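Take a look at the structure below.
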Amino acid sequence: MRQMHEPDEIMPEFYAPLENWTVTQGRDIYFTCTVNNLGKYKVAWIKSDSKAILAIHTNLIAHNHRLTVTHNGHNTWKLHVFNVQKNDTGSYMCQINTQPMILQTGYLDVRIPPNILDEADIEGPGSAAMEGGTIRLRCRSTGKPEPKVHWKRKDNRHIVIRSDGAREKQESATVKGDTLELSNVHRTDMGKYLCIAKNNVPPTVSKEFNVQIHFHPMIKVTNQLVAAPIGSNVHIQCYVETSPKAMHSWAKIDGGDLMPNTKYKMSETPINEYSLQMNLTITSLEPKDFGGYLCIAKNALGKAEGSIRLQELHLPSAPTTSEAPPPEPEEDGDEESGGADEENLVPVEGEPTADDDNQSLDDQQRQHEQQKYPSESTKKPPQTAHGGGSGNGGSGGGGVRHHDNKQRHGSGKGSGSECLARWLLVLTAVVVVTLFRSPAVSRW
């Protein structure tokens, strides 16, 4: 039998519509149902898609700890949903049990941030291959709305997509799609790749994939000949490319492996995912240190060596120069001093000299001739001796001798021969005079 309301009965009515919610998973929401003139009727909460009764009045029917119902004691009822989840999405009804029933509906839309599935769910050959092979990466994600996926390199280098036997390639900062395929891979493709999923519901998520390209070790030596002097420290280097990781060592040719110690200092400087620089410092070089050295890289795929020749550098010796004593200051006329100073001395009056001796002999001879032949002596006055008289070329007795002794007498070494020549002239004059005055001549 249908329940009928009284003709004059005031029927319940909704004061305001229910809210519509769009929230991110994990948030809290509530629906508010305000009813005027409820009277003897009841308010119930129902999930529309499942037709499940959640609560009647203030009594919770559903066994869900995330749901509660509240009443303000007047005309307002609230349904609270805490920590909303994906399955909470749908329509919610506030219903009054009148005949016919009256109701209003609110909608809850739960947005779910993107999520990338575990690596175990990835399909394909994996993230490692030999150089020249193929790598396929797949990144599956979930979320609401459905996420969009793209790829990029973690170091921001471009992704290289090769096709047609590697003769054609395309480079791009990002690649769209949940699958990334790298064909004919090269060692430069090695590194970390990021799969990024987003659907405008924060936060955006990403996952890292480490791509490994395997190849035979390779060594490059830029300076194959190094020269250094004895006693110095020398630094030699090798550039190594290898994947997977290799064992690195140094050896001396025909001398065995080298071990790090105070004599040999070894280090490695990483450059990128597959290359590094091997460093060897040899301290306090000795003659036995010169020769050939090997840098060695060995992994599961093979072995590589690089050779360096170390030879002695002969430095030029510094010239040894003795400092000459500083020259003594020269005064004007120094060229006329020195060895000829003795010739330029002014004779002291009364002091006998070689010239004076010559002059005395000449005077004695002339005096003898004048006494013997007075008439001839008056006709022929005696010659003036060096330094005597007052002629044009000389000065009075005791005067200064001629300034340019070198012109008169030559060098100091020739004074002895000059004196002898004067003696000969005197003797010749005496002989001539004697012969001229002899009786035989008179008879002529």
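The values are calculated or read from the model by the stated rules, or taken from the named source; none is laboratory data. Nothing here was measured: the structure is a model prediction, and the numbers come from that model. Don't worry about glycine lacking a Cβ; one is built from the backbone with ideal geometry, like all the others, and counts go over all protein chains shown. The area values use the complete protein model at the heavy-atom level, side chains included, leaving out ligands, DNA and RNA. Shrake-Rupley method; radii C 1.70, N 1.55, O 1.52, S 1.80 Å.
Some notes on this structure:
- For first residues located in segment 56-80 and over 12 Å from VAL35 (Cβ atoms), partners that are among the hydrophobic types (A, V, I, L, M, F, W, C) and open to solvent by 60 Å² or more (accessible area, probe 1.4 Å) and lie 6+ apart or on another chain with Cβ distances below 6 Å form the pairs ILE61/ILE53; ARG66/PHE82; VAL69/LEU60.
- Scan of segment 48-67 for residues that are basic (Lys, Arg) and at pLDDT below 95, ordered by number: LYS51
- Residues located in segment 131-185, provided they are open to solvent by 50 Å² or more (accessible area, probe 1.4 Å), part of a strand (DSSP E or B) and within 19 Å of ASN272 (Cβ to Cβ): LYS152, GLU171
- Residue in segment 196-211 that is open to solvent by less than 40 Å² (accessible area, probe 1.4 Å) and either under 29 Å from the mean Cα position of the chain (by Cα) or small (Gly, Ala, Ser) (or both) present: yes
- Candidate set: segment 10-32, residues that are within 18 Å of VAL81 (Cα to Cα) and aromatic (Phe, Trp, Tyr); chosen: the one surrounded by the most Cβ atoms within 10 Å (Cβ to Cβ): PHE31
- Any hit, segment 88-98, residues being open to solvent by 70 Å² or more (accessible area, probe 1.4 Å), free of Cβ contacts under 8 Å to residues at least 60 places away in the same chain and of a type in the set (Asp, Glu): no
- Cβ separations smaller than 6 Å between residues 6+ apart or across chains give the following pairs from segment 296-307 residues that are in contact (Cβ under 8 Å) with a residue 40 or more places away in the chain and closer than 12 Å to ILE253 by Cα to residues that are open to solvent by less than 20 Å² (accessible area, probe 1.4 Å) and of a type in the set (Gly, Ala, Ser): SER307/GLY292.
- Condition check for ASN36: in contact with a strand residue (DSSP E or B) (Cβ under 6 Å, 6 or more places away or on another chain), within 26 Å of PRO12 (Cα to Cα), touching a residue at least 60 places away in the same chain (Cβ under 8 Å) and of a type outside the set (Phe, Trp, Tyr): no
- If you go through segment 254-295 and keep only what is touching a residue at least 60 places away in the same chain (Cβ under 8 Å) and either open to solvent by less than 40 Å² (accessible area, probe 1.4 Å) or closer than 14 Å to VAL226 by Cα (or both), you end up with TYR274, CYS295.
- GLN224 surrounded by 12 or more Cβ atoms within 10 Å (Cβ to Cβ) and of a type in the set (S, T, N, Q): no
- The residue list GLU305, GLU268, GLU273 contains one member that is among the charged types (D, E, K, R) and in a loop (DSSP other than H, G, I, E, B), which is GLU273.
- Candidate set from segment 96-114 (those that are modelled with pLDDT under 95 and polar (S, T, N, Q)); member that is nearest to TRP21 (Cα to Cα): ASN97
- Filtered by the rule that a residue be part of a strand (DSSP E or B), open to solvent by less than 70 Å² (accessible area, probe 1.4 Å) and within 17 Å of MET101 (Cβ to Cβ), segment 33-55 gives CYS33, VAL35, ASN36, VAL43, ALA44, TRP45, ILE46, LYS47, ALA52, LEU54, ALA55.
- Check on HIS80, closer than 30 Å to PRO202 by Cα, over 60 Å from the mean Cα position of the chain (by Cα) and loosely packed, with under 13 Cβ neighbours inside 10 Å: no
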